[in-house]
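Peer 1: To start, I am sharing the structure in question, which I have written as structure tokens.
Bear in mind these aren't lab numbers, they're just calculated from the coordinates by the rules spelled out. What you are looking at is a predicted structure, and each value in this text was computed from that prediction instead of being measured. Here the Cβ positions follow ideal geometry from the backbone for every residue, glycine too, while neighbour counts run over all protein chains shown.
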Amino acid sequence: MQASLTKLYFLTRHGLLMTRRKDIKLDDINKKIISITHTQSDISNQELSERVGLSNSACFQRTKALKEAGYLITFHSDLDLDRIVRNVLAYVEFTLESNSPAARKTFEDAIEVIPEFMDCLRITGDVEYICFTCCSDTQSLNELCDLIGGNPDLGVQKLKVRIILERAKWYLGYPLDKLEWLD
């Protein structure tokens, strides 16, 4: 119940829980708006309208419509984490005892409510999940892994931690110009 309420709160807080309007046609201007705001979320409407060739009002209306239709979901800022807080970043791989839908849901619900697990992906291969984590130090990371790995209700068979030593490249947005747009 707590996991469901937390997920509902997250979806509501981030505007993801809404009635979706009819899909909007992604014409060249809408594609430009999506591409620009995807990597520059702090762009002003004035600058965005100039870059896509629309009036301020028309650009605002299109951006608003894209948000309401669920094409633009949330906006974030990249942080220089090392200048702000002590941190250890790591990928944690999980192999579950069972890959049944019920086992996966139990595991996913547990991960959902732990903020240090910032991303959790179900993948192919010899592990079921890989999670991107951020903790204050290795001791906190170890305690977090013990919490998940040591909980028999979660059915974790194997857990592997890969601490990030250095960022050679950081996520800078999806390569939209290299992907095929849907009609």
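Peer 1: Of F132, F75, F94, which has the largest mean-square fluctuation in a 10 Å C-alpha GNM of the chain?
Peer 2: F75
Peer 1: Could you run the Karplus curve 6.51 cos²θ - 1.76 cosθ + 1.60 with θ = phi - 60° over region 156-162 and give me ³J(HN,Hα) per residue in whole Hz, x for Gly and Pro?
Peer 2: Running phi through 6.51 cos²θ - 1.76 cosθ + 1.60 with θ = phi - 60° gives 7, 7, 8, 9, 10, 9, 10 Hz.
Peer 1: Continuing with the same structure: Subtracting the Cα-Cα distance from 0.36 nm times the residue separation, let me have the gained length for D27 to K178 in nm, one decimal.
Peer 2: Details: separation 151, 0.36 × 151 = 54.36 nm, distance 1.69 nm.
Between D27 and K178, full extension yields an extra 52.7 nm.
Peer 1: Let me spell out the model: positive unit charges on the Cβ of Lys and Arg, negative unit charges on the Cβ of Asp and Glu, origin at the Cα centre of region 81-163. What dipole size does that give, in debye rounded to 20?
Peer 2: Charge dipole, region 81-163, about its Cα centre: 200 debye, nearest 20.
Peer 1: On a 25 Å Cα-Cα criterion, which of the cross-link pairs K25/K64; K25/K169; K105/K178; K105/K169; K67/K105 come out too long?
Peer 2: Violating the 25 Å limit, Cα to Cα: K25/K169; K105/K178; K105/K169; K67/K105.
Peer 1: Now for a separate question. What percent do you get for the relative contact order of region 81-163 when only Cα pairs under 8 Å and 6+ apart count? Before the final figure, lay out each step's value.
Peer 2: Values: 125 pairs, mean separation 37.4, N = 83.
Relative contact order of region 81-163: 45 percent.
Peer 1: Separate question: Given Cα pairs under 8 Å that are at least 6 residues apart, what percent is the relative contact order of the chain?
Peer 2: Relative CO of the chain lands at 23 percent.
Peer 1: When only DSSP loop residues count, what trypsin sites (Lys or Arg not before Pro) in region 114-173 have their Cβ near at most 13 other Cβ atoms within 10 Å?
Peer 2: R167, K169
Peer 1: If you don't mind, there's one more thing I want to ask. Residue by residue, what Karplus-based ³J(HN,Hα) values in Hz, rounded to whole numbers, does region 97-114 have, using 6.51, -1.76 and 1.60 with θ = phi - 60° and x for Gly and Pro?
Peer 2: Going residue by residue, I get 5, 10, 9, 6, x, 5, 5, 5, 4, 4, 5, 4, 4, 5, 5, 4, 8, 9 Hz, with x marking Gly and Pro.
Peer 1: How far is the Cα center of region 20-64 from the Cα center of region 121-183, in Å?
Peer 2: Result: 32 Å between the Cα centres.
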